[in-house]
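Report on one structure; see the data block that follows.
Every number here is computed from the coordinates shown, using simple stated rules; none is lab data. Note that the structure is predicted; figures quoted are calculated from it, not measured. Cβ sites come from the backbone with ideal geometry, for glycine too, and all protein chains shown count toward neighbours.
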Amino acid sequence: MGRYVARRLLLTIPVLIGASFLIFAMVYALPGDPIRALAGDRPLSPAVQAALRDEYNLDDPLWLQYAKYVWGLLQLDFGTDFSGREVWDIIERRLPVTAKLALAAVIFEALIGLAAGILAGIRRGSFFDNLVLVTTTLIVSIPVFVLGFVAQYLFGLRIPIFPTSGIRDGWYSYLLPGLVLASLSLAYVARLTRTSLAENLRQDYVRTARAKGLKPSVVIGKHTLRNSLIPVVTFIGADIGALMGGAIVTETIFNIPGLGRAVYDAVLRQEGAVVVGIVTLFVFFYIFFNLVVDILYALLDPRIRYD
Amino acid sequence: MIPTSTALSQTPSSPAPLPGAPVLEVEDLSVEFRTPKGVVRAVNGISYEVNPGETVAILGESGSGKSVSVQAVMGILDSPPGFVTGGRVLFEGRDLLGASAEEQRAVRGPGISMIFQDALSSLNPVFTVGHQIAEMFRAHQGTSRKEAKEAAIELLDRVRIPAARERVNAYPHQFSGGMRQRVMIAMALALNPKVLIADEPTTALDVTVQAQIMELLKDLQRDTGMGLLLITHDLGVVNEVADRVLVMYAGNVVETGTVDEVFSDPSHPYTEGLMASVPAVEDKGKRLQPIVGTPPDLSRIPPGCSFHPRCPRRVLEGAPPGKNCQDDIPLLLPVGTAGRASACHYRKEVLRARSAGTPA
């Protein structure tokens, strides 16, 4: 197991290098001149422009810009944005915000999704089962930004029980955005749990558990659920990484100063160092949580061994 | 001594001179499956009993209703679509079908226990075998974790699994097929059940392992005095271990009696056909004699005798009143020696023809 984890961690290095280069190249390929965009209506003198271009290596070819960026990274220098702020400072300040949002989303996803899926799976064909099917289909078919605006309008303005933007109310302000961010995955988790549970209820070992005279709660809660949760845990784990990336839309709608919002602003301003730094971090989280899932997988299912 | 006509048609009188009352009695049990395509009548009023220490075999081909009938007895029928539509299941005189779910649950394990065909899929893959065996003690007797584990080790030892103390922490997939079936048996025997139902316990195993498992079951039965209800389609297994046999066809018992009598002198054309299809050493080089045709679709059981479309002895034209194989349902009625019964209008003729053919 230890060797397996070490190998997987080593594998993240080439992936991170490749991912950061791709992102770097995409920012480089964006049309427009970042310095001119920065200046806005007040034209800068050619001398100032040249100085800025030189400072941010904007006149170098792509490969050299990237090489200089990586050289900086190796010295733990993540670069600066155009106003001179360290990218690392931005990450340090905003990561906790995004992490809280993602955590709120995962909790919603796991609690509501699992509960709905389990109840629907146990009582297939019941009213509740059909309700879950219809609701999840509806959620999956609505784009998240529509859902976000509708939720904001309904529960922030018409029935003002949640703040519409910002994080001034502490944990409470993360509830609505967290639910919106979780909505799509929540629907998937409910569906996946329902199908997986229904499938496992037909397994021979469930019949054995009943033949052993175990209580129905043990037959379902222990013998069926443990097996049914394997695919669900896989999905939720891999989804944590995706949630952080998906936070870009939600954080923008609810004006939450997290990493997603920072990337959005940085893309508009073509601040390469910020975009590459944060998105590469997203990639790292994604890989990391996938590794966690694979390890969890072996713990849940003794038939899986990484030796 | 002559039972009433309904009892006569359903319950073959007990042949065994064993002392004491039967531990398990099944009376007129019927099971159907309600599917979108229609009602499938899987079991149509079968009756039997199992005495302490006795081995009763239910013999039948796939789809004859043998497994479904014991699942109904255990109360583990998948419902829906399966429903028990009639009959009684008496365990030590108490009706289980009328009992509450909680009472039924309390009987499963300490009263009646069951082992299944495929031990790999019947054991939970994510728990150790020790845990799954110990669960019996913990659930029914509230034994402590530690004691239950010790008891599980003892049981593994009793079903002759080598190095039981180390193997107790292994998972089902880490055992061979035969060893897995031993684990199943250990689990089923944990609480010393009065009746063990073995649903095709050796079908998934190779021949040498089959013999070991059957021998183990017989030894354990001798030690505990439990009744053994064996579900199988293997004539050889029935011949070796069973005292009495019930032959099932299309959800009905077509013949019953001691294994020796039924196998040597069948009184039902279906049993006769089964015996003729067994390869024998002296018939080497000859063609086997199969029963022509296929078992009926249980949602469209033929009228009259359900076996008549495949029966070489059927009488349709010029049949005596009430004995037309196509119109009249044959009841399970006594034939030959005490305790034997056959559901054929011409059971006496079948038996006589066979007896006449056998050298005295």
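Take the Cβ atoms of B:His173 and A:Asp33, set R0 to 56 Å, and the FRET efficiency comes out at 0.35.
On the beta carbon distance between B:Glu215 and B:Asp78, with R0 = 30 Å, the FRET formula returns roughly 0.40. Helix B:177-189 versus the longest principal axis of chain B: what is the Cα-based angle in degrees, 0 to 90, to the nearest 10? With both axes taken from Cα atoms, the answer is about 90 degrees.
Kirkwood's formula applied to the C-alpha pairs of region B:209-259 gives a hydrodynamic radius of 12.0 angstrom. Simple rule: put +1 on each Lys or Arg Cβ and -1 on each Asp or Glu Cβ in region B:105-234, find the dipole, and look at B:Leu229, B:Tyr171, B:Gln212; the Cα lying farthest toward the positive end is B:Tyr171. Ordering B:Lys348, B:Lys284 from the fewest to the most neighbouring beta carbons within 10 Å gives B:Lys284, B:Lys348.
Hey, what D do you get for region B:109-208 in µm²/s if you plug the Kirkwood alpha-carbon radius into Stokes-Einstein at 25 °C and 0.890 mPa s? Calculated translational D: 184 µm²/s. Using θ = phi - 60° in the Karplus curve 6.51 cos²θ - 1.76 cosθ + 1.60, the 3J(HN,Hα) couplings for region B:36-48 round to x, 8, x, 8, 9, 8, 7, 9, 10, x, 9, 9, 6 Hz; x is entered for Gly and Pro.
Here the calculated FRET efficiency for A:Leu64 and B:Arg34, from their Cβ-Cβ distance with R0 = 51 Å, stands at 0.10, rounded to the nearest 0.05. The order of A:Leu243, A:Leu296, B:Leu189, going from fewest to most other C-beta atoms within 10 Å of their C-beta, is A:Leu296, B:Leu189, A:Leu243. Under the rule a/c < 1.5 gives rounded, and otherwise a/b versus b/c splits prolate from oblate, where does region A:158-307 land using the Cα gyration tensor? Since a/c reaches 1.5 but b/c is at least a/b, the shape of region A:158-307 is classed as oblate. Straightening the chain between B:Thr208 and B:Gln326 buys 38.1 nm, computed as 0.36 nm per residue apart minus the Cα-Cα spacing. By other beta-carbon atoms within 10 Å, ranking B:Cys325, B:Cys311, B:Cys305, B:Cys344 with the fewest at the front produces B:Cys311, B:Cys325, B:Cys305, B:Cys344. Note that the protein assembly as shown, at 37 °C in a medium of 0.692 mPa s, gets a Stokes-Einstein diffusion coefficient of 108 µm²/s from its Kirkwood radius over C-alpha pairs. Label-to-label distance for A:Thr195 and B:Glu282 is 6.1 nm, based on points extended 7 Å past Cα in the beta-carbon direction. Annotation: extensible slack from B:Glu92 through B:Thr337 equals 85.5 nm (criterion: 0.36 nm per residue apart, minus Cα-Cα distance). Derived scalar couplings between HN and Hα for region A:122-129 equal 6, 10, 4, x, 7, 4, 4, 4 Hz in order, rounded to whole Hz, by the Karplus curve 6.51 cos²θ - 1.76 cosθ + 1.60 (θ = phi - 60°), x for Gly and Pro. Once Rh for chain A is found with the Kirkwood sum over Cα pairs, what is the Stokes-Einstein diffusion coefficient at 4 °C and 1.567 mPa s, in µm²/s? Diffusion coefficient, whole number: 58 µm²/s. A quarter of the convex hull surface defined by the alpha-carbon atoms of chain B gives 20.6 nm² as the mean projection. Relative to its residue count, region A:64-205 spans a Cα convex hull of 198 Å³ per residue. Per residue, the convex hull spanned by the Cα atoms of region B:240-328 measures out at 127 cubic angstrom. Taking the Cα atoms only, what angle lies between the long axis of helix B:145-158 and the longest principal axis of chain B, rounded to 10 degrees? So the inclination is approximately 50 degrees. Between B:Glu317 and A:Ala51, the simple spin-label model (points 7 angstrom out along Cα→Cβ) gives 11.9 nm. For region A:12-117, the orientation-averaged shadow of the C-alpha convex hull comes to 10.3 nm² (one quarter of the hull surface). Of B:Lys194/B:Lys348; A:Lys215/B:Lys146; B:Lys149/B:Lys218; A:Lys215/B:Lys66; B:Lys37/B:Lys66, which ones are farther than 28 Å apart at the Cα? Going by Cα-Cα distance, B:Lys194/B:Lys348 fall outside the 28 Å limit. In a DSSP loop and with at most 11 other Cβ atoms within 10 Å, the GluC sites (Glu not before Pro) in region B:252-357 are B:Glu317. Checking every one of the trypsin sites (Lys or Arg not before Pro) in region A:199-258 against DSSP loop status and a limit of 13 other Cβ atoms within 10 Å picks out A:Arg202.
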